[in-house]
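K.L.:
This is the structure I have questions about; it appears just below.
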Amino acid sequence: MDGESAASAPLHWREIGLVPLDETASASLDLLLAELSRHTELPCRRHPPRAGEAPLRVPGRAQIDADRLLERVESEAAADAPLVVVSDQDFGLPLFTFVFGRARLGGRAAVVSLARLRPEFYGMAPDPALLARRAASEILHELGHVAGRAHCADRGCLMSFASSVEAADERGLDFCADCAAALPHGLARPRGPLAAAEI
C-alpha cells in the first residue's frame, strides 16, 4: 500500500480481529493467531468466517480483487478494533499482478492473502511455522497502514515495501523506532532482550 499522510489513528485499539474468508484452513489460522500474539500486545481474536459471499474477482483473472474486498470489510469494522480478513486465495488488482495484502491509510481493516506466503507456492515443502511468520509480518505491515503509516525507507523496518516474499522475509517482524512510536499503543511489542532472543 503506497502512502501519503492520513488521518491519525486512535491512540488505542481494543483488539485485532482475524476473519477467515470461506475456505481458509483452520490449522493455518490457529498457528497464525499464536504467531501474531507473540508480536503485538493487543488481543488477537478470531471471528466467524465470511461465508456465502459472491467472489469479487479481478476482471479476466481468478484472483480476488483486494481493493473491492477491502471496501466491503471496512464498512463492518470499528475504528478501535480493526478487522483483518485472511484468505487462501490469491489477491490481485487490475494494475498489479498480485498483492500480499491491502489496507487504506487511516482505514479500519486490512485483507491478506496466504497464497504467495506459502513455501509450496514456490515449489518448496510446506512449512506451517514459516507461513505463520510470514502471515503475521504481512498483517502487522498492513495494520501499520491502517494506523496511518506510509512505507518506510528503512529496509529493516516492517513498514518497508516488499515486492517479493524474499524481501518480506528480509524485513522481519519489527517496526523501526520512528514507526513504532507513531502506532496505536500495544500494536508494536517493545523490543527488549527477551524479544531479541526469540527472533
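The values are calculated or read from the model by the stated rules, or taken from the named source; none is laboratory data. Because the structure is predicted, anything quoted here is derived from the model rather than measured. As a convention, Cβ positions derive from the backbone with ideal geometry for all residues, glycine included, and neighbour counts pool all protein chains shown.
K.L.:
Which residues, counting only those in the range 165-184, are of a type in the set (Gly, Ala, Ser) and either assigned to a loop (DSSP other than H, G, I, E, B) or touching a residue at least 60 places away in the same chain (Cβ under 8 Å) (or both)? Let's see the steps before the verdict.
P.N.:
First, pick out the residues of the range 165-184 that are of a type in the set (Gly, Ala, Ser): 167-168, 172, 177, 180-182.
Across the range 165-184, the qualifying residues are ALA168, GLY172.
K.L.:
Filter the range 62-91 down to the residues that are in a strand (DSSP E or B) and of a type in the set (A, V, I, L, M, F, W, C), then identify the one that is modelled with the lowest pLDDT. Write out each step before concluding.
P.N.:
So the first thing to find is which residues in the range 62-91 are in a strand (DSSP E or B), and the list is 64-65, 78, 81, 83-87, 91.
In the following step, the residues that additionally are of a type in the set (A, V, I, L, M, F, W, C) were identified as 64, 78, 81, 83-86, 91.
Numbers: ILE64: 94, ALA78: 91, ALA81: 95, LEU83: 97, VAL84: 97, VAL85: 95, VAL86: 95, PHE91: 96.
The qualifying residue modelled with the lowest pLDDT is ALA78.
K.L.:
Based on what the data block shows, is GLY156 surrounded by fewer than 17 Cβ atoms within 10 Å (Cβ to Cβ), out of contact with any helix residue (DSSP H, G or I) (no Cβ under 6 Å at 6 or more places or on another chain), at pLDDT below 95 and not hydrophobic (A, V, I, L, M, F, W, C)?
P.N.:
Numbers: surrounded by fewer than 17 Cβ atoms within 10 Å (Cβ to Cβ): yes; out of contact with any helix residue (DSSP H, G or I) (no Cβ under 6 Å at 6 or more places or on another chain): yes; at pLDDT below 95: yes; not hydrophobic (A, V, I, L, M, F, W, C): yes.
Considered against the rule, which asks whether it is surrounded by fewer than 17 Cβ atoms within 10 Å (Cβ to Cβ), out of contact with any helix residue (DSSP H, G or I) (no Cβ under 6 Å at 6 or more places or on another chain), at pLDDT below 95 and not hydrophobic (A, V, I, L, M, F, W, C), GLY156 comes out as yes.
K.L.:
I would also like to ask the following. Among the residues of the range 92-110, count how many are part of a loop (DSSP other than H, G, I, E, B), surrounded by fewer than 19 Cβ atoms within 10 Å (Cβ to Cβ) and of a type in the set (A, V, I, L, M, F, W, C).
P.N.:
Selection size over the range 92-110: 1.
K.L.:
In the range 154-175, is there at least one residue being in contact with a His (Cβ under 8 Å, 6 or more places away or on another chain) and among the aromatic types (Phe, Trp, Tyr)?
P.N.:
yes
K.L.:
Let me ask another. Answer with yes or no whether LEU143 is assigned to a helix (DSSP H, G or I), more than 20 Å from GLY92 (Cβ to Cβ) and of a type outside the set (Val, Ile, Thr). So that I can check it myself, show each step before the final result.
P.N.:
Numbers: assigned to a helix (DSSP H, G or I): yes; more than 20 Å from GLY92 (Cβ to Cβ): yes; of a type outside the set (Val, Ile, Thr): yes.
Yes; evaluated as a whole, the condition is true for this residue.
K.L.:
Test HIS151 against the stated conditions and say whether it is of a type outside the set (D, E, K, R), at negative phi, at pLDDT 95 or above and touching a helix residue (DSSP H, G or I) at 6+ places or on another chain (Cβ under 9 Å). Outline the logic, then answer.
P.N.:
Details: of a type outside the set (D, E, K, R): yes; at negative phi: yes; at pLDDT 95 or above: yes; touching a helix residue (DSSP H, G or I) at 6+ places or on another chain (Cβ under 9 Å): yes.
Taking the combined requirement at face value, the residue satisfies it.
K.L.:
Still on this structure, please answer the following. Within the range 13-37, can you find the residues that are assigned to a loop (DSSP other than H, G, I, E, B) and of a type in the set (A, V, I, L, M)?
P.N.:
The first filter runs over the range 13-37 and keeps only residues assigned to a loop (DSSP other than H, G, I, E, B), leaving 13-15, 22-25.
The one that is assigned to a loop (DSSP other than H, G, I, E, B) and of a type in the set (A, V, I, L, M): ALA25.
K.L.:
Here's something else I'd like to know. Can you find a residue in the range 149-164 that is in contact with a Leu (Cβ under 6 Å, 6 or more places away or on another chain), closer than 26 Å to HIS47 by Cα and in contact (Cβ under 8 Å) with a residue 24 or more places away in the chain?
P.N.:
Within the range 149-164, not a single residue is in contact with a Leu (Cβ under 6 Å, 6 or more places away or on another chain), closer than 26 Å to HIS47 by Cα and in contact (Cβ under 8 Å) with a residue 24 or more places away in the chain.
K.L.:
Give me a count of the residues in the range 111-148 that are touching a residue at least 24 places away in the same chain (Cβ under 8 Å), surrounded by fewer than 17 Cβ atoms within 10 Å (Cβ to Cβ) and not hydrophobic (A, V, I, L, M, F, W, C).
P.N.:
Matching residues across the range 111-148 total 2.
K.L.:
Return yes when PRO59 is farther than 17 Å from GLU142 by Cα, modelled with pLDDT under 90 and not hydrophobic (A, V, I, L, M, F, W, C) and no when it is not. Before the answer, list the steps.
P.N.:
On the way: farther than 17 Å from GLU142 by Cα: yes; modelled with pLDDT under 90: no; not hydrophobic (A, V, I, L, M, F, W, C): yes.
Here the answer is no, as PRO59 does not meet what is asked.
K.L.:
Still on this structure, I have one more. When only residues in the range 41-57 that are more than 22 Å from LEU93 (Cα to Cα) and touching a helix residue (DSSP H, G or I) at 6+ places or on another chain (Cβ under 7 Å) count, which is surrounded by the fewest Cβ atoms within 10 Å (Cβ to Cβ)?
P.N.:
Of everything passing the filter in the range 41-57, ARG46 is surrounded by the fewest Cβ atoms within 10 Å (Cβ to Cβ).
K.L.:
Give the residues of the range 58-87 that are in contact (Cβ under 8 Å) with a residue 12 or more places away in the chain, under 20 Å from ILE16 (Cβ atoms) and surrounded by fewer than 16 Cβ atoms within 10 Å (Cβ to Cβ), sorted by residue number. Before the answer, list the steps.
P.N.:
Going through the range 58-87, the residues in contact (Cβ under 8 Å) with a residue 12 or more places away in the chain turn out to be 58-59, 61-70, 72-74, 76-87.
Restricting the remaining residues to those that are under 20 Å from ILE16 (Cβ atoms) gives 66, 69-70, 72-74, 76-87.
Selection gives ARG72, GLU76, ALA78, ALA79, ASP80.
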